[in-house]
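The values are calculated or read from the model by the stated rules, or taken from the named source; none is laboratory data. Model, not experiment: these values are computed from the prediction. Here Cβ is always computed from backbone atoms with ideal geometry, including for glycine, and neighbour counts include all displayed protein chains. Surface accessibility is based on the protein's heavy atoms, side chains included, excluding ligands, DNA and RNA. Shrake-Rupley method; radii C 1.70, N 1.55, O 1.52, S 1.80 Å.
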Amino acid sequence: IVTSGAWSSYPAASILAALKTENPNRDDQTLMLGDIAAKAVKQGKASVIKLVRDKMSEDKVEGLAESLTSGRWTHDYAITVAEARAMGLNVGTDLPREVYALMDLYPQAAQRRPSVEYLPTPHGPVRPKR
């Protein structure tokens, strides 16, 4: 996610996709967001590679990094255990009861679809219309 000033956050992959569309009226802020988005994706890929490079083959590491940073899913999409395993991740579902007890201390509002739990980013004033 790229945070643009005090008013909004956008998925980096979506900014990069938008920049592929021809638009002669694109402003400097959009171009700067694109630069930041490209850096965010690059940093995300580097983080994935660093975390798993000693756990799977190099070609699988690259594929996993691409899958997780390409914008295939929205940021609130909950990757299932089966999907994670299909990506080559060694995941388990056996968690100690203490983990569930800790999670119960931080209830989240009901979602319309399954999601991950997160702390929302702070939101500032809405950008004025031109």
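Within the range 64-109, if we keep just the residues that are exposed (fewer than 10 other Cβ atoms within 10 Å of the Cβ) and among the acidic types (Asp, Glu), the residue that is nearest to residue 12 (Cα to Cα) turns out to be 104.
A quick yes/no check of all residues on (1) β-branched (Val, Ile, Thr); (2) over 17 Å from the mean Cα position of the chain (by Cα):
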site	(1), (2)
17	no, no
20	no, yes
30	yes, yes
49	yes, no
54	no, yes
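Across the range 10-29, the qualifying residues are those that are surrounded by 15 or more Cβ atoms within 10 Å (Cβ to Cβ) and over 12 Å from residue 70 (Cβ atoms), and the one among them that is modelled with the lowest pLDDT is 10.
In the set (1) open to solvent by 40 Å² or more (accessible area, probe 1.4 Å); (2) of a type outside the set (A, V, I, L, M); (3) in contact (Cβ under 8 Å) with a residue 24 or more places away in the chain; (4) within 30 Å of residue 109 (Cα to Cα), the condition left unmet by residue 47 is number (3).
Kindly evaluate residue 52 against the criterion of being out of contact with any strand residue (DSSP E or B) (no Cβ under 7 Å at 6 or more places or on another chain), aliphatic (A, V, I, L, M), closer than 26 Å to residue 108 by Cα and surrounded by 12 or more Cβ atoms within 10 Å (Cβ to Cβ).
Against the criterion (out of contact with any strand residue (DSSP E or B) (no Cβ under 7 Å at 6 or more places or on another chain), aliphatic (A, V, I, L, M), closer than 26 Å to residue 108 by Cα and surrounded by 12 or more Cβ atoms within 10 Å (Cβ to Cβ)), residue 52 does not qualify.
Only residues in the range 72-87 that are farther than 19 Å from residue 55 by Cα count as the first member; pair them with residues that are loosely packed, with under 13 Cβ neighbours inside 10 Å, Cβ under 6 angstrom, at least 6 apart or cross-chain, and list the lot. From residues that are farther than 19 Å from residue 55 by Cα, the pairs are 78/114; 78/116. Given the criteria at pLDDT 90 or above and either more than 30 Å from residue 60 (Cβ to Cβ) or open to solvent by 100 Å² or more (accessible area, probe 1.4 Å) (or both), does residue 117 qualify? So residue 117 does not fit the description; no.
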